[in-house]
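The values are calculated or read from the model by the stated rules, or taken from the named source; none is laboratory data. Bear in mind the structure is a predicted one, so any value in this text is a computation, not a measurement. Virtual Cβ from ideal backbone geometry, glycine too; neighbours counted across all protein chains shown. Accessible surface areas use protein heavy atoms only, side chains included; no ligands, DNA or RNA. Shrake-Rupley method; radii C 1.70, N 1.55, O 1.52, S 1.80 Å.
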Amino acid sequence: MDALSPREAASYASRRARVLAQMPAGAVAVLATAPEVARNSDSDYLYRHDSYFYYLTGFTEPEATLVLVAAQGDAPARAILFCRPKNLDREIWDGYRYGPDGAREAFGFDAAHTIDSLDEEMATLLSNVPVLYYPLGGKLDARVAGWLSAVRAKSRTGVTPPAGTVDLLPLLDEMRLLKDTDEQAIMQRAASISAAAHIRAMRAARAGVHEYELEAELLYEFRRNGAQAPAYTSIVATGANACVLHYSANNAQTRDGDLVLIDAGCELDGYASDITRTFPVNGRFSAPQKRLYELVLAAQAAALKAIAPGLPYSGAHEAAVQVLAQGMLDLGLLKGTLDEVIASKTYLQFYMHGTGHWLGMDVHDVGQYRDVTQADKPSRALQAGMVVTVEPGIYVRPAEGVPEEYWNIGIRIEDDVLVTADGHTILSAAAPKTVAEIEELMQHD
């Protein structure tokens, strides 16, 4: 983990200042990073920091806690880090540690202490403060209870504990929902790396290769371009496996004439990408595959037209459903009228998920989808700086009355989309998605 540049340090400090500005005078906020998790014996899973903690600190070492103290009277606001101490013996085994002094200087905190002093310090920091902000119902609950008991034990000296607790996460959710220019640039880079990985997998596809071989192509492209890890477990699903929405075995062998659905994206510097492409193993769509594919592509185009500031988040899904439902009727998958199919939701037989989600530090990122400030909680309006996925699909399992030519075809097309002041930008546009683009790319020597 490199020290932050002055510009990066100022950006994280600005986020902390925005949190502090929303807290009453003298209030305290506490946020811990994720713990390390043992995989087996003396081996841990690859460590991944807590997204909220990283959003406010840029600090990726485990065993760390951030404490924010709001200004009160002449006392200025403070950002205090608790982290692992320097330990040269452990650094031989596990790598460099900043320690409190190094972290304070490199990451721009007002003060820093060792993590083993947290309980003692909190008993002081929470004395005579009006309110405590922290993630309610999480891993800190038991520890907070201990801190409050320690403060109450000093009541005979006139010390009082916080009068109440407030969930810190909704405040951070709203901040994280709008990406600044630095975040947008990282997400564009992540999407570009992932698009290149999808292209690599398409070029490697041939009848007889296994799904895990295509997954390996993705992972290679992620890492060779500097991405730290996949943003989620990659889905590489051939044939009927593509009709399993969260398929993850990735061990089947591809067959001539089948499609492959790949839902995969990298994580770069703490930010996720999320792209899905569907393509024919042999490089040529069959007529039934092409009909279904172009239906999904048309549904995505309709959904993208609904992505702009001021439009409701739900508009993209509604637009996609209109196109997909009509297509299902036209292709004989469903019977009735468009209004009947939508009202009865019989289209759910072939399209059973939403058309997107927020994207950011987490692949299914934080933030409300509805305007909870209004009594009827309507779909919230899109704003510039939001990033969403747009991912319609169609999944045809064998069933009575369903034309057999469409059986076991699963198709999804997913892009990462930044809402801009005048509309939107498709961050993942480099990944081919028209029939002509895919077939041209996949022409093997």
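How many Å² of accessible area per residue for the chain, probe 1.4 Å?
Accessible surface, normalised per residue, equals 45 Å².
So which GluC sites (Glu not before Pro) in the stretch 380-425 end up in coil per DSSP with only 12 or fewer other C-beta atoms within 10 Å?
Glu400
Taking 0.36 nm per residue of sequence separation and subtracting the Cα-Cα distance, how much length would be gained by fully extending the chain between Glu105 and His246, in nm to one decimal?
Here the segment from Glu105 to His246 would lengthen by 46.4 nm.
So if I place +1 on the C-beta of Lys and Arg and -1 on the C-beta of Asp and Glu, and nothing else carries charge, what would the dipole magnitude of the chain be about its Cα centre? I want it in debye, nearest 20.
660
If I model a spin label at Glu120 and Asn408 as a point 7 Å from the Cα along the Cα→Cβ vector, what separation in nanometres do I get?
6.7
What is the distance in Å between the Cα centroid of the stretch 293-326 and that of the stretch 31-69?
Between the Cα centre of the stretch 293-326 and that of the stretch 31-69, the gap is 38 Å.
Provide the percentage of antiparallel DSSP beta bridges, counting only those with both residues in the chain; round to the nearest 5.
80
In a Gaussian network model over the chain where Cα atoms closer than 10 Å are linked, find which of Ala308, Ala421, Ala242 has the largest mean-square fluctuation.
For the chain, modelled as a Gaussian network with Cα springs under 10 Å, the answer is Ala421.
What number does the stretch 326-408 give for Rg over Rh if you use C-alpha atoms and the Kirkwood radius?
With Rg and the Kirkwood Rh in hand, the quotient comes to 1.09.
GluC sites (Glu not before Pro) within the stretch 1-96: which are DSSP loop residues with at most 14 other Cβ atoms inside 10 Å?
Glu36
When the convex hull of the C-alpha atoms of the stretch 128-234 is computed, what volume per residue in Å³ does it have?
159
For the stretch 330-364 and the stretch 119-171, what is the separation of their Cα centres, given in Å?
When both Cα centres are located, 46 Å separates them.
Please report the spacing between the Cα centers of the stretch 222-284 and the stretch 426-442 in Å, no decimals.
15
On a full-extension model of 0.36 nm per residue, what is the gain between Ala71 and Arg206, subtracting their alpha-carbon distance, rounded to one decimal in nm?
Going from the current span to full extension adds 42.3 nm.
Mind jotting down the three principal axis lengths of the stretch 235-318 based on Cα atoms? Whole angstrom, largest first.
Result, largest extent first: 46, 37, 20 Å.
For the stretch 230-358, which whole percent of the accessible surface, found with a 1.4 angstrom probe, sits on carbon and sulfur atoms?
Answer for the stretch 230-358: carbon and sulfur cover 53 percent of the accessible area.
Testing the spin-label approximation: label points 7 Å from Cα along Cα→Cβ at Met1 and Arg284. State their distance in nm.
Distance between the two pseudo-spin positions: 5.4 nm.
Between Asp415, Asp256, Asp74, which gets the highest mean-square fluctuation from a Gaussian network model of the chain, Cα cutoff 10 Å?
Asp74
Mean projection of the alpha-carbon convex hull of the stretch 232-382 over all orientations, in nm²?
Its average projected convex-hull area is 11.0 nm².
Before rounding to the nearest 500, sum -39500 (n - 2.57) across all DSSP H runs of length at least 4 in the chain and divide by the residue total; then give [θ] at 222 nm in deg cm²/dmol.
The helix contribution divided over the chain gives -10500 deg cm²/dmol.
Do you know the relative contact order of the stretch 376-445, to the nearest whole percent, from alpha carbon pairs under 8 angstrom that are 6+ apart?
29
Projecting each Cα onto the charge dipole of the chain (Lys/Arg +1, Asp/Glu -1 at the beta carbon, about the Cα centre), which of Ser194, Asn40, Ala316 comes out farthest on the positive side?
So the residue furthest toward the plus end is Ala316.
At 1.4 Å probe size, what's the solvent-accessible area of Val131? Round to the nearest 10 Å².
Here the residue's solvent-accessible area equals roughly 20 Å².
Give Lys179/Lys377; Lys377/Lys433; Lys345/Lys377; Lys179/Lys305 a once-over and call out the pairs whose C-alpha atoms are over 25 Å from each other.
Lys377/Lys433
Pick out which of Asp422, Asp116, Asp269 has the largest mean-square fluctuation in a Gaussian network model of the chain, springs linking Cα atoms closer than 10 Å.
Maximum among the listed residues: Asp422.
Just the number: Rg to Rh for the stretch 385-427, Cα atoms, Kirkwood Rh, two decimals.
Using only Cα positions, Rg/Rh for the stretch 385-427 is 1.29.
Just checking my list (1) 183; (2) 141; (3) 131 against volume of the Cα convex hull per residue in Å³ computed from this structure; which label fits?
(1)
With the full set of protein chains in place, find how many percent of the accessible area of the stretch 63-220 is carbon and sulfur; take the probe as 1.4 Å.
Its accessible area is 52 percent carbon and sulfur atoms.
Between Leu178 and Ile426, what length comes free when the chain is fully extended (0.36 nm per residue of separation minus the Cα-Cα distance, one decimal in nm)?
The span from Leu178 to Ile426 would gain 87.6 nm if fully extended.
Over the stretch 293-445, what number does the Rg to Rh ratio reach, with both radii from the alpha-carbon atoms and Rh per Kirkwood?
Using only Cα positions, Rg/Rh for the stretch 293-445 is 1.01.
For the stretch 1-95, which chymotrypsin sites (Phe, Trp or Tyr not before Pro) are in a loop by DSSP, counting at most 15 other Cβ atoms within 10 Å?
Tyr45, Tyr47
Keeping all protein chains in position, work out how much accessible area Met1 exposes to a 1.4 Å probe, and write it in Å² to the nearest 10.
Result for Met1: roughly 90 Å² accessible.
With a cut-off of 8 Å between alpha carbons and a minimum separation of six or more residues, what is the relative contact order of the chain in percent?
13
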